[in-house]
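Take a look at the structure below.
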Amino acid sequence: MSCSNKIVTGEELIQIKPNVTQQLKKEKRLVKYSSKPNPIKNILLINIPRLTIRQLNDEFQSTLSLGTQSKPTVKTHYEIYPPLGLLYLSSMFKEKNNVDLQIFDMHLNCIQMLQKNTIVNWKKVVDDAIKKYKPDLVGISSMFGASFEGTKFVGETIKKHYKDIIVVCGGVHMTGLANNNDENLKFADFICLNESEYHFLWLVEYLNNEKDTLTGVVVNNKTLLRNEADLIPGSHVVQDLDTLPIPDFGSIDLKNYYKYGILSGAQTIDYDTPLATMQTVRGCIARCSFCAVRSFNGLGVRMHSSKRVLEEIDLLYNKFGIRHVDFVDDDFTYDRQRVMEITDSIIDRDYNFTWSIGNGVRLGSLDEEMLKNMEKSGCTYLSFGIESGDDEILRQMKKPLTLEILREKVKLLDICPKIYYRANFITGYPGETKEQLQKTMDVAEKYPWDWNLFSICKPLPDTDLWNELLENNADFEGVGNNTDQDYNYSSYEGKVFNDAGDEYIFNTSYDFNLKSNFKNNKNLNGRNVVRAVKDFERIVVKVENHAFAWNCLAIGYKKLKQYEKSEHALENTMEIIKKNSFWRKKFIEHEFLIDDTSCTLPISK
Ligand code: SF4
């Protein structure tokens, strides 16, 4: 079959069906099952770890080498949030009495093991889960490149040791790979493409002989097809999102997720806040060349009504005790009136409730009244995809932003200072010159962001950028999955697609980060010292030998008149640069003062 992924609407599917069904009736008389699967009674959905096994166990080893058992038990070290996509899938099976569906959050499970100082053995984790849940079918969610290693391991382990279990994969990353005919996906019997609430439900119904056709899937194991013609090409798109059931929040221990980790590295709320995620919009009006939203969600934007959004917030707040929601939308502000209705209703409720958008808001869509309403209704954090400081690169990226729009809109941010603003930039975009890259740094330094995130350009499967590079015979081997390069340079494992070369792009990006977020941090320099200190405290938990962060803490504590803490932070700074030549070099290169009252570096090359 073809892996091509043409998105069709529900209406188009209805048109396709009659012809195919007529054809099927004829063929069914001739074709029998290649192999008849057992009925699917037990389904296990697995949320794959977003850390590789090496990353997980490096954490463990570093604890041992430190001779301390404290680090992995620090919950702020890990990003954990509920597997929302699986909760949507689970909700589709609520009415089905013949199928039992359970969710196993393997990401959470592995983190909990580390927090109990237990080394993680993925094979054992998989074996234990299979023994416990006894599934006939395992569904694996792979949203990010970072979880692909885990997806492959779990899929291959099940296929090798539990041959009767059907393996189904899905998610953004798997869809992108499947659309590129990636050869590494053979461990999955089926791959559900795009948004899969119906694709997955119909697949299970098909396997249980309750349905004659299936759509929105790639079939790797054709012995499970009754007939080649049962497979209808294309994907089903849910046009009216309100027709989807509310995610099955009760199928996981939602109330307690916050106890094991944080929402993201930029969590701006207290760490003991019960939190959840919601998706109120699917798709984005823009079509940025590097972004997978278009290829996964299709054209245009579909939204839950404000009424439905509030219904979910009420449920999370009243039934599950959730006090903060991160909207994982790609275009939350697409419909201004809807945003005003949602924020007005939250204000009216007078809940002890905050919210954020970590995925990114289009800066160009904001206006003063809307942003003020967002702040008043409890918005604590917004991130913006600014990407570049050069108009030509923005044009090549097809970004819905120009430097002129940026200049105008950025003025709004000072009006609502309670919100924390992060700007996201892409470095090393193919064709970007060193001068253009420098302009990105200028924009990062010039405008009032609380934090700048510099991400080295990493093409994602089935995006315009990926396909363009593919046409030019690019080699994607070694494209890394790192997400922490703003904190930890040494962990970046990727490669770049820019003529300046890997080393130049890596070094420049990391130096941009050190300069704009640490040495010249605007909050630390007087705008909001408390906020700056929180940022640096978060970083030293994550990267304990980050000498710049310790030095910034020394300065920040001193400004807050917390002299003992300041002294301790200063001692840590000195200790690190004494032992670590990388940090010593960086302090000298950046002419970063050890203390804000010192005039010279008390160290030598
Ligand atoms: S604006 Fe953001 S979500 Fe929309 S296409 Fe561009 S990168 Fe993707």
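The values are calculated or read from the model by the stated rules, or taken from the named source; none is laboratory data. These figures come from a predicted structure and were not determined experimentally. Please note: Cβ atoms are built from the backbone with ideal geometry, for glycine as well, and neighbour counts cover all protein chains shown. Note: accessible area is taken over every heavy atom of the protein model, side chains too, but ligands, DNA and RNA are not part of it. Shrake-Rupley method; radii C 1.70, N 1.55, O 1.52, S 1.80 Å.
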- Could you list, in sequence order, the residues of the range 272-302 that are on the phi > 0 side of the Ramachandran plot and either of a type in the set (D, E, K, R) or modelled with pLDDT under 95 (or both)? Gly298, Gly300
- Task: Would you be able to tell me the number of residues in the range 441-479 that are open to solvent by less than 20 Å² (accessible area, probe 1.4 Å) and touching a strand residue (DSSP E or B) at 6+ places or on another chain (Cβ under 8 Å)?
- Result: 9
- Considering only residues of the range 287-302 that are more than 15 Å from Glu195 (Cα to Cα) and in contact with a helix residue (DSSP H, G or I) (Cβ under 8 Å, 6 or more places away or on another chain), which is farthest from the ligand (Cβ to nearest atom)? Ser289
- Could you look through the range 102-117, keep only residues that are polar (S, T, N, Q) and touching a residue at least 24 places away in the same chain (Cβ under 8 Å), and pick out the one that is farthest from Ser147 (Cα to Cα)? Asn117
- Task: Considering each residue of the range 416-440, count those that are open to solvent by less than 60 Å² (accessible area, probe 1.4 Å) and among the acidic types (Asp, Glu), and give that number.
- Result: 1
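Here is a yes/no grid of residues against (1) on the phi > 0 side of the Ramachandran plot; (2) free of Cβ contacts under 8 Å to residues at least 12 places away in the same chain; (3) among the hydroxyl-bearing types (Ser, Thr, Tyr); (4) more than 13 Å from the ligand (Cβ to nearest atom):
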{"position": "Leu263", "(1), (2), (3), (4)": "no, no, no, yes"}
{"position": "Gln267", "(1), (2), (3), (4)": "no, no, no, yes"}
{"position": "Asp270", "(1), (2), (3), (4)": "no, yes, no, yes"}
{"position": "His304", "(1), (2), (3), (4)": "no, no, no, yes"}
{"position": "Val309", "(1), (2), (3), (4)": "no, no, no, yes"}
{"position": "Leu316", "(1), (2), (3), (4)": "no, no, no, yes"}
{"position": "Asp335", "(1), (2), (3), (4)": "no, no, no, yes"}
{"position": "Ile357", "(1), (2), (3), (4)": "no, no, no, no"}
{"position": "Arg362", "(1), (2), (3), (4)": "no, no, no, no"}
- Message: Contact list please: Cβ distance under 9 Å, first residue in the range 140-167 and surrounded by fewer than 19 Cβ atoms within 10 Å (Cβ to Cβ), second residue polar (S, T, N, Q), pairs at least six apart or on different chains.
- Response: Phe144/Asn481; Phe144/Thr483; Asp164/Asn38
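Residue by residue, here is whether (1) more than 23 Å from Arg302 (Cα to Cα); (2) more than 24 Å from the chain's Cα centre (by Cα) holds:
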site: Asp335; (1), (2): no, no
site: Arg349; (1), (2): yes, yes
site: Gly360; (1), (2): no, no
site: Leu363; (1), (2): no, no
site: Glu392; (1), (2): yes, yes
site: Thr402; (1), (2): yes, yes
site: Phe425; (1), (2): yes, no
site: Val443; (1), (2): yes, yes
- Residues being modelled with pLDDT under 95 and either hydrophobic (A, V, I, L, M, F, W, C) or in the same structural domain as Asn179 (by TED's automatic domain parsing) (or both): count how many of those fall in the range 238-263. 2
- Query: Can you name the number of the only condition in (1) among the hydroxyl-bearing types (Ser, Thr, Tyr); (2) surrounded by fewer than 18 Cβ atoms within 10 Å (Cβ to Cβ); (3) within 16 Å of the ligand (Cβ to nearest atom) that Ser345 fails?
  - Reply: (3)
- Query: Is it the case that Met174 is in contact (Cβ under 8 Å) with a residue 24 or more places away in the chain and open to solvent by 50 Å² or more (accessible area, probe 1.4 Å)?
  - Reply: no
- Message: Could you tell me how many of the residues in the range 387-439 are of a type in the set (Val, Ile, Thr) and not in a helix (DSSP H, G or I)?
- Response: 5
- Residues satisfying the stated conditions in the range 198-217, i.e. open to solvent by less than 10 Å² (accessible area, probe 1.4 Å) and under 24 Å from the mean Cα position of the chain (by Cα): His199, Phe200, Gly216, Val217
- What number of residues within the range 542-569 are open to solvent by 40 Å² or more (accessible area, probe 1.4 Å) and at pLDDT 95 or above? 10
- Scan (1) more than 15 Å from the ligand (Cβ to nearest atom); (2) assigned to a loop (DSSP other than H, G, I, E, B); (3) buried (at least 21 other Cβ atoms within 10 Å of the Cβ) for the single condition Ala276 breaks and write down its number. (2)
- Can you tell me which of Phe187, Phe249 is of a type in the set (Phe, Trp, Tyr), within 25 Å of Phe476 (Cβ to Cβ) and surrounded by fewer than 22 Cβ atoms within 10 Å (Cβ to Cβ)? Phe187
